[in-house]
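The block underneath contains the structure these notes are about, expressed in structure tokens.
The values are calculated or read from the model by the stated rules, or taken from the named source; none is laboratory data. The structure displayed is predicted, hence computed values, not measured ones. Ideal geometry is used to build each Cβ from the backbone, glycine not excepted, and the neighbour counts take in all protein chains shown. Just so you know, the surface numbers come from the protein's heavy atoms only, side chains and all, with ligands and any DNA or RNA stripped out. Shrake-Rupley method; radii C 1.70, N 1.55, O 1.52, S 1.80 Å.
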Amino acid sequence: MDILKDYLAKTAGGELNREMLTFVANIDMVARQNPTIAKTIVQELIDQRSHLKLIASENFCSLPVQSAMGNLLTDKYAEGYAGNRFYAGCDNVDEIERIASKEACDLFGAQHAYVQPHSGADANLVAFWAILRKHVQTPALEKFGEKNLLNITNEQWDEIRAEMGNQKLLGMDLYSGGHLTHGYRHNASAQMFDCYNYHVDKETGLLDYDNLRQMLHEVKPLIFLIGFSAYPGNIDYAILKQYADEVGAVMMVDMAHFAGLVAGGALSGKYNPVAYADICTTTTHKTLRGPRGGMVLCTEAYAEYVDKGCPHVIGGPLPHVMAAKAIAFKEANTPEFKTYAHKIIENSKHLAASLVEKGIGVQTGTTENHIVLVDVAALGLTGRQAENALRECGLTLNRNTLPFDAHGPWYTSGLRLGTPATTTLGMGKEEMAEIADIIATVLKSVKPSLDKKGNVSKARYTIDEGVKAASIERIKGILSKFVLYPEIDTDFFAKYL
Ligand code: PLP
């Protein structure tokens, strides 16, 4: 098997398709070492092309972003931060990190950017510890008349550790849309902090600002954490900053989900957290459409603490991913990306409205961002049944808890749909209406089965086979007009799969 040679022979004398040539060369190189891995890469592209991606936390990054990630930069250790490394030979990584940080600051209007976190969860840990070190550890050291942790006694160190472990965090409840890292008991955040949760209002499904203010005054947390994975509303960061200041809380916003909407100006003014928060964290791979990774943005006051993410929390940074972040931030700082960000919200509003029109329950009845939360319990289904049935019909999306969910986080009562990926492919209003119709038709044809004990199952279901076949055809029809990475011809690989 000589994939590259085959491709060169097939295309000899024709026009050069650089993207395809690069892809073939990469697959060829992987296949020589491990053909099965090469096959899964191509198969993943085929699968993603044949299923409609409605996962709210996923996107399709550009081929330049992918190329920046897949190279020798991965070999380099660069513990520390640009200009301050624990390793030799970091000149090029310094340049990469400086460029990525500058691109991030330009894009978000941030005072400082730390681009090393490997993921959103890492970014949150970096931020938590930066806040703890600034507000607890440093003052405690000063009290002991010391600057260096290594110079204090074991008793003094125990005292600092106890104080660090006794701080309060107020974050959004997982069932209301918050993230695991915001104080969920099965996550380290809940073990690090004395955690308190706020919820959305039962009637509106949205945050209740008066209630939040009251909780802030009751709890008086060190960290007031805002941000979500499954919330369809806008958040007024200007007013929340006022409330945080009233009790001296540090305002931290985890904008992992909606950073692309901020970057593209679709969330601006009081809805732009970077303008108000002390610290913002984010992933770089969701609406922001970059490589898989994380980042922390902060005011100058937190910069020196955030920059110590390594050695404090993370090990060596990933230079290849920082390079890809730099590419993605520049891509996001363009008029095209602005249009894209606005279109994501337009599309999700159309999707929500079309679902409601078809009789499907949508949390809050609409959305203000890229997320649409669907209530499938009203159809007698769990999220798990709905997720699996829709996947069989050609749609990839994920189940999600709804506020105060009776089915819990495994089965759930809801689905979370998102439009970042379909919008990247170029879909618009017409496709959203068609997608909503397919979803409604499928969900109405799914029926829960009985489990082995004769009870109504939360996992098993039956689906109308005619509806399934028709849906797959309809999805194929949509995807044939909006091809993922159209430069890449997967038919060429058929004989290798
Ligand atoms: N924060 C929020 C709000 C998220 O939605 C997520 C991921 O879904 C994360 C953090 C964690 O990101 P990662 O999976 O990159 O660690």
- Residues in segment 446-483 near a label at residue 434, defined as backbone nitrogen under 15 Å from the 7 Å Cα→Cβ point? 470-483
- Whole-Å semi-axes of the ellipsoid equivalent to segment 293-445 (Cα gyration tensor, √5λ, descending): 35, 21, 14
- Lys/Arg Cβ at +1, Asp/Glu Cβ at -1, dipole of the chain taken about the Cα centre: which of 276, 390, 215 is farthest positive-ward? 390
- Task: Would you mind checking the pairs 241/330; 270/330; 53/458; 270/338; 39/338 and listing those with alpha carbons more than 27 angstrom apart?
- Result: 241/330; 39/338
- Query: Looking at this model, which pairs from 143/286; 202/349; 134/349; 202/468; 202/358 are more than 31 angstrom apart at the alpha-carbon?
  - Reply: 143/286; 134/349; 202/468
- Task: Quote to one decimal, in nm, the extra length available between residue 55 and residue 155 on full extension: 0.36 nm per residue of separation minus the C-alpha distance between them.
- Result: 31.0 nm
- Under the rule of -39500 (n - 2.57) per DSSP H run of 4 or more residues, summed and divided by the residues of the chain, what mean residue ellipticity at 222 nm is obtained, to the nearest 500 deg cm²/dmol? -14000 deg cm²/dmol
- Query: Using a Förster distance of 45 Å, how high is the FRET efficiency between residue 465 and residue 217, based on the Cβ-Cβ distance and rounded to 0.05?
  - Reply: 0.20
- So if R0 is 22 Å, what FRET efficiency would residue 447 and residue 358 give, r being the distance between their Cβ atoms, rounded to the nearest 0.05? 0.75
- Message: Using a Debye calculation, one point per C-alpha and no hydration shell, please list log10 I(q)/I(0) for the chain at q = 0.06, 0.10 Å⁻¹ in order.
- Response: -0.31, -0.84
- With each label point set 7 Å from Cα along the Cα-Cβ vector, what nm distance links residue 391 and residue 92? 4.0 nm
- Task: Please return the longest stretch of the chain lacking exposed loop sites, where trypsin sites (Lys or Arg not before Pro) count only if DSSP places them in a loop and at most 12 other Cβ atoms lie within 10 Å.
- Result: 203-451
- As straight-line cross-link partners of residue 76, the qualifying aspartates and glutamates (C-alpha separation under 14 Å, not fewer than 8 residues apart within one chain) are 91, 94, 95, 97
- Solvent-accessible heavy-atom area per residue, rounded to whole Å², over segment 111-247 at 1.4 Å: 46 Å²
- Query: Cα gyration tensor of segment 178-231, axes a ≥ b ≥ c as square roots of the eigenvalues: rounded (a/c below 1.5), prolate (a/b > b/c) or oblate?
  - Reply: oblate
- Query: Between residue 304 and residue 102, what is the FRET efficiency for a Förster distance of 25 Å, r being their Cβ-Cβ separation, to the nearest 0.05?
  - Reply: 0.90
- Solvent-accessible area, 1.4 Å probe, carbon plus sulfur percent, for the chain: 51 percent
- Message: Keeping every protein chain present and rolling a 1.4 Å probe, give me the accessible area per residue for segment 300-371 in Å².
- Response: 39 Å²
- Obtain the nm distance between the two label points defined at residue 366 and residue 46 by a simple spin-label model: each point lies 7 Å from its Cα along the Cα-to-C-beta direction. 4.4 nm
- Query: Say a paramagnetic label sat at a point 7 Å from the Cα of residue 37, along Cα to Cβ; which residues of segment 60-102 have their backbone N under 17 Å from it?
  - Reply: 67, 69-76
